[in-house]
Amino acid sequence: MRLVHEAGLVRVRECRHGLMAYLRSDEHVGRSLDVYGEWAEAEVELLSAFLKPGDVVVDVGANHGTHSLAFAKKVGPSGALLAFEPQRVVHQLLCANLMLNGVLHARALHAAVGAEPGALLVPDIDYAATGNFGGVGLGGWQEGESVPVLTLDGFALPSLAVLKLDVEGMEALVLRGAAQTVTRCQPVLYVENNQPAGAPEVVEQLLRADYSLHWHFSPFFRAANFAGVRENVFGPTVDANMLCLPRRLAGVGAPFLSVEGPNDTAAKALSRGR
């Protein structure tokens, strides 16, 4: 897994889905790319199975673009990718990774997504200090860079195959602003669910939209990683997400644990699965 370039905090490495520029100070995404040449590949594999050439896919909270790059390659030039990342520095990495791999059928927006158009403040972040830059929550900050908030419904997408949300507690707001799109297009949804405080509203929204909800736990470490590294530097850590399927695909969720209502949690599901 060749290191192609290094400049300050940024490294460029040959990874599973192509060249990836990343922050070496990022303790999750950056570290995983640095050691394993991939990040959350279980999520990429799962969602890529629902995509085909010509599809439209939306990645909200795209971060470095690990998922965006894989999705863009799967839908091909006849398809389209819409990716959102509100952190300016991380958004620049997202753009770099799309361009490094010749992806021209993507729009990478420096914006957040919410229930209605507006703006919010993204806090100033010291990227030179080690941190989890994919876990920065937004909303309620009094200082920072003003970033536009857009709604997915505002794009009037003609079709949508997959919608991925990784927005650190803003999932309910994003879904409110995407209600028309979800009803019209019936995409597969992949929604992070690791914050119990806001989870009930998200689950209720999706159940009202007639989706079946299934837990999907994405391990930080995979033995079959791109670099072939056997050491697990992350331990047993997993990300808790929901695979949300429209009625036409409900049977696909059979191998996964069902989300048992608004008060179900990742901890409860993991206990049931043991």
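The values are calculated or read from the model by the stated rules, or taken from the named source; none is laboratory data. The structure displayed is predicted, hence computed values, not measured ones. Cβ coordinates were reconstructed from backbone atoms using ideal geometry, including for glycine residues, and neighbour counts include every protein chain displayed.
Summary table below
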{"read-out": "When residues of region 116-148 are limited to those that are among the hydrophobic types (A, V, I, L, M, F, W, C) and free of Cβ contacts under 8 Å to residues at least 40 places away in the same chain, the one surrounded by the fewest Cβ atoms within 10 Å (Cβ to Cβ)", "value": "A119"}
{"read-out": "Residue within region 109-123 that is in contact with a Ser or Thr (Cβ under 7 Å, 6 or more places away or on another chain), under 16 Å from V10 (Cβ atoms) and either in a loop (DSSP other than H, G, I, E, B) or not polar (S, T, N, Q) (or both) present", "value": "no"}
{"read-out": "Total residues in region 233-274, condition of a type in the set (S, T, N, Q) and surrounded by fewer than 16 Cβ atoms within 10 Å (Cβ to Cβ)", "value": "4"}
{"read-out": "Evaluation of E143 against (1) charged (D, E, K, R); (2) farther than 27 Å from V238 by Cα; (3) modelled with pLDDT of 95 or more (one fails), failing number", "value": "(3)"}
{"read-out": "Residue among Q205, Q195 that is at pLDDT 95 or above and out of contact with any Lys or Arg (no Cβ under 7 Å at 6 or more places or on another chain)", "value": "Q205"}
{"read-out": "Breaking point among (1) of a type outside the set (D, E); (2) over 23 Å from F234 (Cα atoms); (3) not in a strand (DSSP E or B), for H5", "value": "(3)"}
{"read-out": "Out of L47, L19, sole residue that is over 17 Å from the mean Cα position of the chain (by Cα), in contact (Cβ under 8 Å) with a residue 60 or more places away in the chain, more than 18 Å from E231 (Cβ to Cβ) and not in a loop (DSSP other than H, G, I, E, B)", "value": "L19"}
{"read-out": "Selection within region 182-225 - aliphatic (A, V, I, L, M) and over 16 Å from V252 (Cα atoms)", "value": "V182, V191, A197, A199, V202, V203, L206, L207, A209, A223, A224"}
{"read-out": "Residue selected from region 68-90 under the condition of a type in the set (G, A, S) and within 16 Å of L152 (Cβ to Cβ), by the criterion surrounded by the fewest Cβ atoms within 10 Å (Cβ to Cβ)", "value": "A80"}
{"read-out": "Filter pass, A223 being of a type outside the set (F, W, Y), at pLDDT 95 or above, in contact with a helix residue (DSSP H, G or I) (Cβ under 6 Å, 6 or more places away or on another chain) and more than 18 Å from L165 (Cβ to Cβ)", "value": "no"}
{"read-out": "Residue satisfying condition, being over 21 Å from R88 (Cβ atoms), free of Cβ contacts under 8 Å to residues at least 24 places away in the same chain and not hydroxyl-bearing (S, T, Y), within set R222, R184, R176", "value": "R184"}
{"read-out": "Hits in region 59-80 (condition: in a strand (DSSP E or B) and either under 18 Å from L19 (Cα atoms) or in contact with a Lys or Arg (Cβ under 7 Å, 6 or more places away or on another chain) (or both))", "value": "D59, V60"}
{"read-out": "Some residue of region 190-198 being within 24 Å of K74 (Cβ to Cβ), crowded, with 16+ Cβ neighbours inside 10 Å and over 19 Å from the mean Cα position of the chain (by Cα)", "value": "no"}
{"read-out": "Considering residues of region 165-179 that are touching a Ser or Thr at 6+ places or on another chain (Cβ under 9 Å) and more than 14 Å from Y211 (Cβ to Cβ) only, the residue surrounded by the fewest Cβ atoms within 10 Å (Cβ to Cβ)", "value": "R176"}
{"read-out": "G61 vs. criteria modelled with pLDDT of 95 or more, under 12 Å from the mean Cα position of the chain (by Cα) and crowded, with 20+ Cβ neighbours inside 10 Å", "value": "yes"}
{"read-out": "Hits in region 228-274 (condition: of a type in the set (A, V, I, L, M), over 30 Å from C185 (Cβ atoms), at pLDDT 95 or above and under 22 Å from the mean Cα position of the chain (by Cα))", "value": "V233"}
